[in-house]
Amino acid sequence: MAKFVSKFLLWIGIVGIAIFVIPNFFIVSSQRPKIYKDIDSLLVHNSALLLGTSPRMRSGRPNPFFEGRIRAVVDLFEKEKIRQVVASGSEDLPFYSEPGAMKEALLSFGIPETSIIEDGEGDDTFQSIYKMGQVYGSESFIIVTQEFHSFRALFIADTLGLNAEAYGIPNIGGSAGISMGIRESLARVKAFLDILIYRWQGFYE
């Protein structure tokens, strides 16, 4: 009996590791060529998708993830790589709206209000990217987020048949960067399963 339990637990461990490793390896390896750190290497697109995050950390300090994404969008406008940006995030938050905070920050850098579209229903990465194609009619665009997040965002865009590339902002170091990296590894597994479910439902509709 003990031997059977040991083998069972071993197989459970192997399956668990496979479920974690395979989606991460596939997503990162397949999408790496679409991530650009040099802004001049990016093609010109009509739109960029700015993925939402909080303007401040839980401690109340400015959020470097937010600041990096805003600065990247400003650079894209200045380099004439885009004509408009969709600021996508959640509005169902207690004290602020992610799209509203991003719009306010972009306006402070001189980005025209007419070039900013607020999407308050971007509650997760899948919804934000899905709406780019289905609602905003953009099948080719630049995704703006940190590099570690870009892999998953591009994977979702790719599986939805959208032609996207990412301006991969350098990752943040320290404990915040490590924590986000771990969360993102788990999120890639969820994204992998979400896409399987999405395709399965589409097959039977």
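Quick note: the coordinates plus some simple rules give every number you see, no bench work behind them. These numbers were taken from a predicted model, which means no experiment stands behind them. Using ideal geometry, Cβ is built from the backbone for each residue, glycine included, and neighbour counts are taken over all protein chains shown.
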Listed by chain and number, the residues whose amide H is under 5 Å from that of Arg56, excluding neighbours fewer than 5 places away on the same chain and using placed H, are Asn63
Net charge of neighbours whose Cβ lies under 15 Å from the Cβ of Ser115, counting Lys and Arg as +1 and Asp and Glu as -1:
-3
So what are the ³J(HN,Hα) numbers for the stretch 119-135, from phi and the Karplus equation (6.51, -1.76, 1.60; θ = phi - 60°), rounded to whole Hz, Gly and Pro as x?
10, x, 10, x, 6, 8, 4, 4, 5, 4, 6, 4, 5, 4, x, 7, 9
With no solvent and one point on each alpha carbon, what is the Debye value of log10 I(q)/I(0) for the stretch 48-204 at q = 0.13, 0.17, 0.21 Å⁻¹?
-0.58, -1.01, -1.52
